[in-house]
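Before any comments, here is the structure.
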Amino acid sequence: MELARDLRYAIRGLVRARGFAAVAILTLAVALGANTAIYSIVSAILLRPLPFPQPEELIAVRASNPGIADLSFSLPNYDDLRAQAKNFEQIAGFDSFSTFLYDGPEPELLSGSSVTANMFPLLGIKPYLGRTFTEAEDREGQPSLIVISYELWQRRFGGDRRILGRQIRVGSTPDTVIGVMPPRFTFPLRENERADFWIALKQDPVSTARGAGWLSTIARLRNGVSLAQGDAELRTISGRMAKEHPGLVFRAQPLHDRLVGEVRPALLVLMCAVGLVLVIGCANVANLLLARAAVRHREISIRAALGATRGTIIRQLLVESVLLALISGAIGSLLAAWGVEMLVALAPPEIPRLHAITVDANVLLFTLGLSVLTGIVFGLTPALSASKTNLVEALKEGSRGSTEGRRGNRVRNMLVVAEIALSVILLAGAGLLLRSFLQLTGIDPGFDFRNGVTMDVPIRSAVFPGDEGVVQYYRRALEELRAIPGVTSVGGANYLPLGGDETTLSYAVVGRPAPPRGQSPSASFVYVTPGYFDVMRMSILRGRAITEHDGPNAPPAIVISESLARQQFAKSDPIGQQLDLDDGRGIRTIVGVVRDVRVLSLTDMPRPTYYVSALQAPMRRMQFVVRSPNAASLGSSVRAALRKLDREQPIYALRTLEEIRAQSLEGRRFMLVLIGMLAALALALAGVGIYSIMSYSVTQRTSEIGIRMSLGAEARDIFRLIVGQAVRLVAIGVGGGVVIALLATRVMTSLLYGITPTDPLTFISICLVIGAIALLASYIPANRATRVDPLVAMRHS
């Protein structure tokens with residue numbers, strides 16, 4: 001009953017003080033909305049369990065050796081592991097790729113995976129229609145079978161239940177549909193989480209090599225077996241295998257951690273940053289409440305004189321502050337729903353579980369709890385301060401037009417200092433990320449990314465059968481692309497640098513003692529066409545490039561990177577030396593050394609790499625590169641040229657080399673934008689806080705200013721007085737903020753590149769920025785103070 005009365009009184013009070021309510025609600029709504037939006041991302045990615053039965057039992061099996069911390073499995077290693085493991089109910093493998101669906105009027109690019117037959121039983125998911133694969137269908141020689149997603153079934157086949165047994169053209173050969181998975185089933189859970197189909201794992205000469213790592217492996221622990229027990233068994237198995245294949249170490253990691261591990265530090269930093277914004281918002285609203293309590297001080301004192309207890313007054317004021325927070329939380333939730341859509345649209349596709357992000361019931365419950373807590377936090381100090389009443393003093397102060405005195409001023413000053421300190425921390429984080437980003441953009445990737453356009457081209461076996469057909473396609477495609485007006489050079493590779501893809505393969509240097517079994521060195525492995533190094537402008541440091549003469553009937557040739565040459569031939573000439581690659585295609589002779597490039601990302605150091613002639617090892621997927629001063633406008637010309645060879649030729653991922661470089665920085669750019677927006681919001685709130693306290697101080701000291709001016713003080717003296725007060729507050733806030741920031745930014749080490757968390761230039765810059773904002777925020781109140789009429793001021797004293 002009393003709570004209802006307090007609520008009605010609070011509503012009437014906020015309606016009467018509409019200006020105050022609007023400012024307070026807007027401030028909190030923005031801060032709570034930002035927290036809701038970021039929490040929805042953290043909830044979907046870090047907190048929500050994987051959408052499979054008993055997801056805590058699912059683990060990723062990782063392999064490493066002394067040279068590489070994270071290796072894919074080769075098929076022999078996978079088979080050995082599966083045969084020896086006892087603590088695991090199932091162990092399955094998969095490999096993801098993209099290809100085209102040719103059923104229908106236009107080819108459609110699909111995302112899919114080749115999986116071992118036990119993948120779906122391991123995940124605990126049954127098909128919506130039909131069946132999945134049997135153990136026998138893992139092996140080559142079985143019919144080509146395919147399981148499709150529910151979404152693909154609905155989108156392309158209209159949900160026709162006669163789909164089972166139907167042949168569809170996915171990739172180069174027809175596949176028979178044997179099953180449809182349930183709605184919203186997605187595996188693997190990474191990148192943009194789109195999965196359109198699954199085929200049975202097949203073997204080929206490359207994939208069966210012990211040194212060819214290409215398979216991702218997951219497992220399910222047996223009932224009652226802990227992660228530690230599973231990890232111990234994996235290490236035991238790898239130790240046992242080391243007798244024949246030394247160097248490998250297997251270890252267990254929760255599958256959820258494997259999927260989100262790379263983004264976890266960034267998300268936790270974001271959550272802390274948005275929490276600081278909320279604290280700054282609370283400090284601002286608390287300052288507003290303190291100012292309002294000063295205005296209401298006489299009213300509250302009279303209520304106390306009429307019998308209201310201090311507890312009653314505190315409860316009334318807290319009800320008002322919680323009501324403010326709840327209204328703000330409701331508006332913030334609406335802002336967050338819009339903000340989440342924007343964030344998902346802007347987010348780079350490599351963020352896992354991206355499409356699971358939404359403002360759901362769990363997020364709204366979080367916002368409700370946070371709103372109530374926020375209302376209590378920012379309302380408690382003003383409520384405690386306002387409830388300390390003295391009727392005689394209040395009546396005297398009322399006659400003087402003064403306020404609650406020095407105690408309230410100290411509290412408000414402390415809140416502004418806290419806002420400034422927290423803003424310094426956020427600005428430091430944003431500044432460090434900006435400096436790091438600028439360092440990255442200045443890195444030389446090892447190739448010229450200007451004036452180049454690239455496209456992914458799958459070569460259809462129905463039109464160009466066998467290896468000879470693929471080689472013929474390469475030659476004709478390069479010829480047609482060169483003929484496009486304005487094109488200066490053309491080439492291709494199965495993987496382009498900074499594209500996020502890599503294949504590693506072990507090798508041996510011919511003529512040297514064989515390394516211990518399992519300890520052969522490995523390097524990135526790229527198939528390239530003639531003209532590739534020229535079109536990428538990758539300098540040949542020694543020898544020659546891959547040319548048209550390195551065809552199917554020529555001696556096998558290979559070009560190595562400068563880091564591989566340094567690693568293996570530091571004291572000898574690599575030209576003419578031979579490498580025996582673990583791909584079943586024989587020994588190759590080194591004909592050239594090429595400049596290093598950044599293979600996976602700009603943050604990775606150049607890796608040892610070798611380049612093999614695609615004419616001698618044809619691949620049915622090629623990324624052609626065309627260089628021209630008008631590269632960005634060549635899309636239609638490129639499509640027309642390649643469709644002269646195959647009128648149904650699918651072409652996808654048509655983009656410039658500059659776009660590839662920019663996409664490699666998307667994750668860091670996204671993080672920089674988010675932290676930068678939060679820092680800008682914090683800075684704006686801190687500026688408002690400084691302005692409000694200075695403005696209030698001018699109003700409070702009107703009589704004092706009038707007396708000073710009547711005694712001869714000039715306008716510049718009054719200006720210095722007010723600005724000096726702001727400078728003192730800012731100096732204390734900046735000093736404390738810098739000390740805390742120097743400690744707090746150490747958690748950002750993994751997010752930085754090329755700078756330290758204590759970068760002096762960043763900290764000097766943010767001090768200057770805060771100082772400039774403080775001067776700007778205090779200028780208007782200080783300027784107003786210089787225009788006080790001494791006679792009017794003294795008449796109101």
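The values are calculated or read from the model by the stated rules, or taken from the named source; none is laboratory data. Owing to the predicted nature of the structure, the values given are computational and were not obtained by experimental measurement. Methodologically, a virtual Cβ is constructed for each residue, glycine included, from the backbone with ideal geometry; neighbour enumeration extends over all protein chains shown. Calculation scope for accessible area: heavy atoms of the full protein, side chains included, ligands and nucleic acids excluded. Shrake-Rupley method; radii C 1.70, N 1.55, O 1.52, S 1.80 Å.
A few notes on this one:
- Straight-distance crosslink candidates among aspartates and glutamates, where the alpha carbon sits under 15 Å from K571 and sequence neighbours closer than 8 are dropped: E562
- Each residue was assigned an accessible area with a 1.4 Å probe, and for R607 the value is about 70 Å².
- GluC sites (Glu not before Pro), loop per DSSP, at most 12 other Cβ atoms within 10 Å - longest free stretch of the chain: 245-647
- Mean projected area in nm² (Cα convex hull; one quarter of hull surface) for the stretch 25-181: 15.3 nm²
- Highest-first arrangement of 681-687, 342-348, 421-427, 495-501, where packing means the average Cβ count within 10 Å: 421-427, 681-687, 495-501, 342-348
- Angle in degrees between helix 2-16 and the longest Cα principal axis of the chain, rounded to the nearest 10: 90 degrees
- Its relative contact order, with pairs defined as Cα atoms under 8 Å and 6+ residues apart, puts the chain at 16 percent.
- Solvent exposure of the chain as accessible area per residue, Å², 1.4 Å probe: 44 Å²
- Using only side-chain charges placed at the Cβ, +1 for Lys and Arg and -1 for Asp and Glu, the dipole size of the chain relative to its Cα centre rounds to 2840 debye.
- Karplus-derived HN-Hα couplings along the stretch 748-764 (A = 6.51, B = -1.76, C = 1.60, θ = phi - 60°), whole Hz, x at Gly and Pro: 8, 3, 5, 9, 9, 9, x, 9, 9, x, 10, 3, x, 4, 4, 5, 5
- Put simply, when 234-242, 628-636, 74-82 are sorted by average Cβ atoms within 10 angstrom per residue, most first, you get 74-82, 234-242, 628-636.
- Cα long-axis angle, helix 391-400 against the chain (0 to 90 degrees, to the nearest 10): 90 degrees
- The chain - percent of accessible surface contributed by carbon and sulfur, probe 1.4 Å: 59 percent
- The local environment of V15, defined by Cβ-Cβ distances under 13 Å, has a net charge of +3 under the rule Lys, Arg +1 and Asp, Glu -1.
- FRET efficiency, 1/(1 + (r/R0)^6) with R0 35 Å, evaluated for E548 and D501 via beta carbons: 0.85
- Fully extending the segment from F719 to T358 would add 124.9 nm, taking 0.36 nm per residue of separation and subtracting the current Cα-Cα distance.
- Along each principal axis, taking the top coordinate minus the bottom one, the Cα set of the stretch 471-547 gives 54, 28, 25 Å in descending order.
- Ordered by solvent-accessible area of protein heavy atoms (1.4 Å probe), largest first, the residues F157, F624 come out as F157, F624.
- The alpha carbons of the stretch 43-126 give a radius of gyration and a Dmax of 16.5, 51 Å, in that order.
- All Cα pairs of the chain, percent lying beyond 41 Å: 49 percent
- Fraction of the pair-distance distribution of the stretch 740-779 above 11 Å, Cα-Cα pairs, percent: 67 percent
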